[in-house]
Structure formats: C-alpha cells, structure tokens
Amino acid sequence: MSTPTIDLEILRTLHRLHRQLSDVRERLDRGPKQIKAAEANAAHRQTLLEQARTDEKAFRVALDQKQLQFKGAEVQVKDLEIKRNTAQSNREYQLLTEQIQATRMANDVLADEILEALDRTEQYKDRIRQAEAELSAAKGKLDKVQTAFCSEEPQLKEKMKQLETELKTAEESLPPEIREPYRRVVRQRGEDALASVENQSCSGCHQKIPLNTYSLILVGQPIFCKTCGRMLYTPEGHVREARKEEE
Ligand SMILES: [Zn+2]
C-alpha cells in the first residue's frame, strides 16, 4: 500500500480555517462574558448608591434629633429661669441655678456636635453624587457592550457557519487514511492541530525537523511532529524554493 499524499494547500487552508474559527468562537464567547461583568459592576454600583443614600438618611435623622433635643433643652433653660425668678428661698435659687448651668453645659456639647455634623452634611451628599455618577458610568458601559455584541453576534454566527462549512469541505479533501489521525490531533489541540515548518523547524514547538522528514512534507506526505504531534505543512512558496535549490 503506497503512502497517501496530501495537497499542501489543503493543510494550509485547514490551519487557516481552524484559526479563524477559533477566533470567531472566542469572540462569541467573550461578548456574553463582558456583558455579565458589566451587569455585575452596575449592580454593585447600585448597591453602593443605595448604601450611600441609607447612610445619609440615618445621618440626617440623627442630626434632626440632636437639633430637636437642643431646642427642647433651650426651652427647659427658659422655664428654669422663670422658676428661678420666683424662687422662694436661697436654697431653691441655688438649686435652680445649678440645674440651669448643667443643662446649658450639656447643650453646649450638643451644639458642638450639631456644628460638626452640619460640616459633614456635604460629605454625605458628595458620596451620593459620586455613587450616582459611578452608577451612571457603569450603566453606560453595560449599554455599550450590549449594543456592540448585539450588532456583532449575528455576523459572527454567520461567519462561524460559513467557516464550518468550508472546514468540512476541506476535511473531505483529506485522504481517508489521514482523517482519523487528523481528527485525533484536532480533538486534542484545536486550532493548534497543525503547524507550518519555518526554518526547517516545527513552528508549534520549535523542534528541528530532520532533512529527510522535511523532504517528505514537501512532497505532501502526512507528517506529524514527533515532539508535539501537530500535523506539519510548509508555507506557500516553499516547494518552489526547495526545487530551485535542487536545480
Ligand atoms: Zn512540533
């Protein structure tokens, strides 16, 4: 039984088709991943904005409460002063004076706290504004990747179908004896199932190809790299160059 020979052009075409298919599949795969990541980011930004709003609200409620407490204490001081004006004894006067002083002191502390809190109001508002801007940017990014993939997906799917058909046709041109070992290496290596010979080396693993093996590749014998298993072929023009050297 003679060894089958292959038109080297078929191997070049097969490798090109495998690479193109793998590129298209990768892009089809990448789109949904980018969308998912953008969705997760937008959801995260939404949570941060809600948190900023909740914090600001809690802060405002606490501030309102302090201000109410402050006003209540001022009223209390006034009431105590009125009572003191009508004090029946020195002792009562003294007690009321102490009470007024204590209430005022407590209110001074409260006033400091209120002033400090008023200073922080802007910080809370800034945090909300920042979170709103970040959410808006995240939504914009999501919209962008969704739109891009929506317009790209049908073309990519069309391209994939076309490449698969071309690949099937090219595979059918392989001699029957080669198909099984070819399929095996495709299953194992995908787009790296084939490799061109560059500088008399396998371009996949850079192992040197012995001269007699190289001659066999040139005449179209099916050769798989002994080191990496890739199916070897020579790039266009190599046959002619080799023949020139023989002349
Ligand atoms: Zn190799």
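The values are calculated or read from the model by the stated rules, or taken from the named source; none is laboratory data. The model shown is predicted, which means the values in this text are computed figures rather than measured ones. Don't worry about glycine lacking a Cβ; one is built from the backbone with ideal geometry, like all the others, and counts go over all protein chains shown. The area values use the complete protein model at the heavy-atom level, side chains included, leaving out ligands, DNA and RNA. Shrake-Rupley method; radii C 1.70, N 1.55, O 1.52, S 1.80 Å.
Residues that are surrounded by fewer than 17 Cβ atoms within 10 Å (Cβ to Cβ) and within 16 Å of the ligand (Cβ to nearest atom) do not occur anywhere in the range 144-166. Scanning the range 202-241 for residues that are part of a helix (DSSP H, G or I) and buried (at least 19 other Cβ atoms within 10 Å of the Cβ) turns up just one, 217.
Taking the range 115-129 as the range and being touching a residue at least 24 places away in the same chain (Cβ under 8 Å) and either of a type outside the set (D, E, K, R) or within 16 Å of residue 48 (Cβ to Cβ) (or both) as the test, the residues that pass are 117, 118, 121, 124, 125, 127, 128.
Scanning the range 198-216 for residues that are of a type in the set (A, V, I, L, M, F, W, C) and either more than 37 Å from the chain's Cα centre (by Cα) or away from the ligand (no atom under 11 Å from the Cβ) (or both) gives 209, 211, 216. When each of 71, 125, 33, 78 is tested for being within 43 Å of the chain's Cα centre (by Cα) and open to solvent by 90 Å² or more (accessible area, probe 1.4 Å), the lone residue that passes is 33.
Within the range 169-183, is even one residue open to solvent by 90 Å² or more (accessible area, probe 1.4 Å), away from the ligand (no atom under 16 Å from the Cβ) and under 30 Å from residue 36 (Cα atoms)? No, the range 169-183 contains no residue that is open to solvent by 90 Å² or more (accessible area, probe 1.4 Å), away from the ligand (no atom under 16 Å from the Cβ) and under 30 Å from residue 36 (Cα atoms).
So that you can scan it fast, the table gives a plain yes or no per residue for (1) outside the structural domain of residue 31 (by TED's automatic domain parsing); (2) modelled with pLDDT of 95 or more; (3) among the aliphatic types (A, V, I, L, M):
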{"position": "146", "(1), (2), (3)": "no, yes, no"}
{"position": "149", "(1), (2), (3)": "no, yes, no"}
{"position": "158", "(1), (2), (3)": "no, yes, no"}
{"position": "161", "(1), (2), (3)": "no, yes, no"}
{"position": "195", "(1), (2), (3)": "yes, yes, yes"}
{"position": "206", "(1), (2), (3)": "yes, yes, no"}
{"position": "218", "(1), (2), (3)": "yes, no, yes"}
{"position": "221", "(1), (2), (3)": "yes, no, no"}
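Only one entry of 63, 49, 96 meets the criterion of being closer than 30 Å to residue 144 by Cβ and surrounded by 15 or more Cβ atoms within 10 Å (Cβ to Cβ), and that entry is 49.
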